[in-house]
1. Could you go through the stretch A:366-376 and let me know if any residue there is among the hydrophobic types (A, V, I, L, M, F, W, C) and more than 30 Å from residue A:276 (Cβ to Cβ).
2. Pick from the stretch A:240-249 the residues that are free of Cβ contacts under 8 Å to residues at least 24 places away in the same chain and aliphatic (A, V, I, L, M): which of them is nearest to residue B:548 (Cα to Cα)?
3. Run down A:232, A:242 and say which single residue is within 12 Å of another protein chain (Cβ to nearest Cβ) and on the phi < 0 side of the Ramachandran plot.
4. Any idea which of (1) closer than 20 Å to residue A:497 by Cα; (2) under 21 Å from the mean Cα position of the chain (by Cα); (3) modelled with pLDDT under 85 is the one residue A:376 doesn't satisfy?
5. Can you tell me which residue is farthest from the other protein chains (Cβ to nearest Cβ) among those in the stretch A:215-229 that are part of a loop (DSSP other than H, G, I, E, B) and touching a strand residue (DSSP E or B) at 6+ places or on another chain (Cβ under 9 Å)?
6. Scan the stretch B:10-30 residue by residue and report those that are away from chain A (no Cβ under 14 Å) and hydrophobic (A, V, I, L, M, F, W, C).
7. Of all residues being among the basic types (Lys, Arg) and not in a loop (DSSP other than H, G, I, E, B) in the stretch A:1-31, which is nearest to the chain's Cα centre (by Cα)? Just the residue, please.
8. If you scan the stretch B:250-271, which residues turn out to be in contact (Cβ under 8 Å) with a residue 60 or more places away in the chain and not aromatic (Phe, Trp, Tyr)?
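The values are calculated or read from the model by the stated rules, or taken from the named source; none is laboratory data. All values derive from a computational prediction rather than experimental measurement. A quick note on method: Cβ atoms are made from the backbone with ideal geometry, for glycine too, and the neighbour counts reach across all protein chains shown.
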There are 2 protein chains.
Amino acid sequence: SSASKYRLLHGAEAIGLKKEYKDGSIREFCFTDRYNFTNQEDDDFLLESEKHQIIKVELDSLRALDEKYVPGHQSIKLYPGKSIFRRLASNELITDFFPLHDRPALHKLRWAWYKTIDLNLRQPLDRVRAYFGDTIGIYFAFLNFYTIALVPLVMLGLMHWGLGLRTDIGGKVDDNWVLSVIHVLWSAAFLEMWKRKSTEYSYKWGTLGTKVWEEPRTGFRGPLGLNEVTQRQEPVYPSWKRNLRILLISCPVVVLCVTLAVCLMFYYFSWEIYLTEMYRGETDLLSSLMKNAPSITYSVLILLGNSLYRKLAEFLTDQENHRLESDFQKNLITKILVFDFANNFLALFYIAFIYDDMPMLRQTLRNLFLVHMIVSQALESLLPYWTFRYRSSLYRATLKSNRKAELTMHEQTCLELQRDTYWGTFDDYLELWLQFGYVVLFSCVYPPAAIFALINNVIEMKSDAFKMCNVYRRPFVYQTNGIGTWKVAFEALSYLAVVSNLALIFHTSRFIEGIYKVFPDASTINIILAFVAVEHILLGVRWLISYAVPVVPHWVKVETQRMKYFSLQALKRQ
Amino acid sequence: SSASKYRLLHGAEAIGLKKEYKDGSIREFCFTDRYNFTNQEDDDFLLESEKHQIIKVELDSLRALDEKYVPGHQSIKLYPGKSIFRRLASNELITDFFPLHDRPALHKLRWAWYKTIDLNLRQPLDRVRAYFGDTIGIYFAFLNFYTIALVPLVMLGLMHWGLGLRTDIGGKVDDNWVLSVIHVLWSAAFLEMWKRKSTEYSYKWGTLGTKVWEEPRTGFRGPLGLNEVTQRQEPVYPSWKRNLRILLISCPVVVLCVTLAVCLMFYYFSWEIYLTEMYRGETDLLSSLMKNAPSITYSVLILLGNSLYRKLAEFLTDQENHRLESDFQKNLITKILVFDFANNFLALFYIAFIYDDMPMLRQTLRNLFLVHMIVSQALESLLPYWTFRYRSSLYRATLKSNRKAELTMHEQTCLELQRDTYWGTFDDYLELWLQFGYVVLFSCVYPPAAIFALINNVIEMKSDAFKMCNVYRRPFVYQTNGIGTWKVAFEALSYLAVVSNLALIFHTSRFIEGIYKVFPDASTINIILAFVAVEHILLGVRWLISYAVPVVPHWVKVETQRMKYFSLQALKRQ
């Protein structure tokens, strides 16, 4: 943050930063026109995160002018036009490189973010984004939006619980299909509203419609060749090689892993059946523990398998040698989602549609869901909290030994060096994705899922905030204009929810009985075909909703058009 | 075309026209930087269509400076800031307004376009676009691409025909499912490749990523209010009123019309069955004519119904009072597609899945398809040709009576005034859409459909070209960057093709028999459920294909990135 103000403003123009103009619109910053931007004379005109971004780009773009050796290191040669910084980093002359926390700003942020309790579940997203940048800002925005969206579902779940208790005494009411329909509609509405909300954030944060310029990944390697865009010498790697590698190595390995996971699932089932038979009818503590043992063991194995597979997926994707970080992420996400889907949900589908055992489905769903939640909360909240406690004692000891109230920058650096690096929002999104799956895919079987999800997310919001401030090193700032591949992943689950919920309704024998009562002459085949037709129509309607709801809200559209119109007018006046 | 060259170049900058730069890339034209654009000194640097566009925008943007009356017309008042041109047009001081044909250019275009026969089926698309503009250029590009894409299908159809004749003598080979799978894959591949091709055209024609600025439609009306974008006084119409009108008037009327069409269909069926029963077993000419009578009558009624409904749909959409032409078109297309789908395909679905009568399906499909093709070719080719013949005799008479070789501009205007106005590409796309439906929805039942479609389209390419040059007035030029809503409409058919083809395979009893031979113990319900599962997986795969194939081809991506990179570099040097 010691770069001079003008330097930073020039940098802001170079990376095409967008800021608020005097008329309230958001437009690309221009140095010569700087007096027309709101608050440009303030010291905090450029946000913390924006300054970091500019400095990072400037550092990365420091390039050697001619071929020479690094002073003092005769073995390390710099080539003209190549990044000096990367060269030093790859030769481990620079061993570690991260931004320091701004302690006063962080202190203020802590109070606004997680040290107060807001009953509206609202978070100071603009301030989070101002400090940590877009990627982290949009994650917390999504978490916040999703958590608030769960509230109506929870109310429904509570109502159903109340009603369910009452109807169980009198007679059985088959309201499963109502629950399913509501969950499916809810998932559609939630994603459509998020789509619009996300555009609003992109607009406010100045990333709407900007295609982010990416440097190659640090891990990218290949023989020197001509970059088609910049016409510079740099490592190139033909995409046919990459595609071949994906087809011949990555795909088979992923399929193998999924097969192994499915085999594990079958072992689990045979064990489960064996134990259920063994303890049939017994209700004491030991036997109910034994009956639940397989599903709990299986849940733990799933968690272990997931983390092992994660390492493998990272290795495979790294071997695919993607040039851009975004491509790397996309391929990694796809690999992990395929496996995690199989690992978490296939067993449930199997129980539901092949075994046709609804009580067992409910029990497995509950165990999987709760174990998943408890273990990840423990790993993500308690463990970091203990680390934090240990480190703050170190911090206080350092202060005490030096008899002063503030740390020097060197001391701060040493302390923050001990912190873990934050590897991005991947795990956080994945957790939400799996949770979303548990909530919507089998909604009619286990309505309390939404209640537990809400409780979990309220804790998650606070614990993630705590971790960002106290446990991790300050992460680098990246631009983004939405949640990217995750949007597609959530939407896929939402479409699948239509299919699985309808199939579940169909499978509950009470529903078919009901139809026979209304149409005594209908053959089973015709009922099935009619059902499939209805399901297809619902899928079509689901698609129609996402087609009809515009991505860009009205006010954002008006604002962007207004800006374009005025710049056209200005051009004409010239 | 009498506007001075500099004026036109300034206009080109004002509307943000994109032209080829000296380094081969396409970028926004800038007057001060004009010497760096390829061929800028040539007279035809700006294409005919681009000049027209610039002049149209300039004319539309002539606005009154202060409140006064039109000289000589005390009743017509001009308001400051309002378009003079529109005011004159709405008061019928200007009764008709259209660009004249450029006779020498048109003459050259004719020879390149339809007077030569190219066995590669290729059309001079760049030249068509240079003369008629983007919307018409992209329509012919699509027609051309679709026609060429039909060739492999036709080869397959011919092969099947040959094989079918042979296998009918020996034994029955159930190759329906092979045909279906190929058609479904073909439709996916065709649309994905078009998606990329369309991006290439957009890039070459300089409309990639440009959001076209639209003035309100001429028919738009409402009380004066403040435009949110321009802050000017102009007619406004709240969108809630429009949405209410769509929901309460348009939707019910459309549903009513569809219901009427379905009733007509049922009448047709009862008539068909009655006549089939009556002439059962008779094979003479009269009875085979009588047997085909209902389906031919029905086809003609469908055509009539379509054109009546069209008028209604236009009226309804006009009443919805859309502000922009593109919104008007989108709503009109949706209305017409829903009705035309019901009108053209519902009967076929009914025959296939409720009646379960494959020979009848084949016969109805053939009749509907051929009648549709023949009638529309007659309306679209023969009728215009006769009109043209009549008009050219007039033209020659004018020349003769004046004893000269060329027409004066006044005479040309009078002659072209008699021509019909070209109302846009709507009908042409609709015809292709219906044809595409006939080809892919029931492909295994009637493989020759592709053959007839190919023949039709080859004629269509030439006859449409003929009409554009000789029958219609020269149309106004509009920018576009793709086929818009039609892409979605074609994709919807392609998804539906997966469902309908699989359902057809399933319905042919031979397929089920085959499964029973392989799995003798399988229950019918399980076979159905397995089949539905397979169908869902195929739908997922179809979606995956369109998700995985990138919209922007590699070379276009490199070009755009290169341009961005160099402008960033230039900015840095400044």
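1. no
2. A:247
3. None of the others qualify; the one that does is A:232.
4. Only one criterion is unmet by residue A:376, namely (1).
5. Result: A:221.
6. B:26
7. Filtering the stretch A:1-31 for residues that are among the basic types (Lys, Arg) and not in a loop (DSSP other than H, G, I, E, B), the one nearest to the chain's Cα centre (by Cα) comes out as A:18.
8. B:250, B:253, B:254, B:257, B:258, B:261, B:262, B:265
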